[in-house]
Amino acid sequence: MTEKLLSIRQAHVNYGAVEALRGVDLDLYTDQAVAVLGANGAGKTTLVRTIMGLTKLVRGEVYGPGGERLDKLKPYEVAARGIALVPEGSGSFTRLTVEENLTVGLAARRLSPAEVSSRLDEVYERFPILADRRGQKASTLSGGERQMLGVGRALAVRPKVLLLDEPSLGLAPLIVNQVFEVIAGLVSSGIGIVLVEQNARKALNVSAYGIVLERGECTVRGNAADLAEDPRVVEAYLGGSVTNGSTT
């Protein structure tokens, strides 16, 4: 049965006198990704940081799985409710090994050695390249491998909601394809994903729904397929124009 995993209502965030978010709404369900599009400085990263409790609301509400209110909680309390963030650049600890990176998020959960091993096996099964690199320091990984490590570290805590902030940034096209194949697989497994991404075409291809932020305000929203043909989205983010229902 489809479950609502996340609900944001009229989110307002200020950085001093600057309005970073202005009345943003968003809903996320199981087996779904929501694409968050917009130019640099539009408020995309602020949105996922707000969900995670890293940035505080001036006004508005955030609800997580089961309808529990999240915006009054600390980040570690939000994480305990099944929300995980992979920040821009993957957030890997470069001086730690791959396996140390994967276990660092499990340290506070008081898991048995057998449970830790089981969770590592799940990550290695999804990302075999990480199994091959488990003893290497994260600093020696390629950009794509480091991104997979960031996702793997988040998956090790078995989240219900995954917040991905620019997962394809700076990666070669072939690696970008691999990253989005992983994202599609995560959605199919039932994880809800909020996908902040500059590559609008790729983001919409794996998403059910999308919103566009401009200067902190949601200016366009709708089904991903509709947004991919919306002239405002095509011209601003997809590098073309719409003529007779097709993009050029």
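Just so it is clear, none of the values below were taken in a lab; they were calculated from the coordinates. Small disclaimer: the values here were computed from a predicted structure and weren't measured. Note: ideal-geometry Cβ built from the backbone for every residue, glycine included; neighbour counts use all protein chains shown.
Of note:
- Globularity index of the range 1-58 is 1.18 (Cα radius of gyration / 2.2 N^0.38 Å, N = number of residues).
- Within the chain, percent of DSSP bridges classed antiparallel, to nearest 5: 60
- Contact order relative to length of the range 99-196, as percent, for alpha carbon pairs under 8 angstrom and 6 or more apart: 31
- For the range 159-167, 3J(HN,Hα) computed residue by residue from phi via the Karplus equation (6.51, -1.76, 1.60; θ = phi - 60°) reads x, 8, 10, 10, 9, 10, 10, 6, x Hz, glycine and proline entered as x.
- Cα-only Debye scattering, the range 49-147: base-10 log of I(q)/I(0) at q = 0.10, 0.16, 0.18, 0.25 Å⁻¹: -0.35, -0.81, -0.94, -1.26
- Sequence-distant residues sharing a close amide H with residue 55 (under 5 Å, placed H): 50
- The alpha carbon radius of gyration of the range 1-114, expressed as a multiple of 2.2 N^0.38 Å, is 1.18.
- Estimated D of the chain in µm² per second, where Rh is the Kirkwood radius over Cα pairs and Stokes-Einstein applies at 4 °C, 1.567 mPa s: 70
- Rounded to the nearest 10 degrees, the inclination of helix 113-126 to the longest alpha-carbon principal axis of the chain is 50 degrees.
- Calculated SAXS-style log₁₀ I(q)/I(0) at q = 0.13, 0.14, 0.15 Å⁻¹ - the range 94-161, Debye, Cα scatterers: -0.31, -0.36, -0.41
- For the chain, the number of Lys pairs with C-alpha atoms closer than 17 Å, counting only pairs eight or more positions apart or on separate chains, is 5.
- Here the simple spin-label model places points 7 Å from the Cα toward Cβ, and for residue 134 and residue 104 these points are separated by 1.9 nm.
- In units of the compact-protein estimate 2.2 N^0.38 Å, the range 126-219 shows a Cα radius of gyration of 1.13.
- Helix-derived mean residue ellipticity, 222 nm - over the chain, DSSP H n ≥ 4, -39500 (n - 2.57), to 500: -10000 deg cm²/dmol
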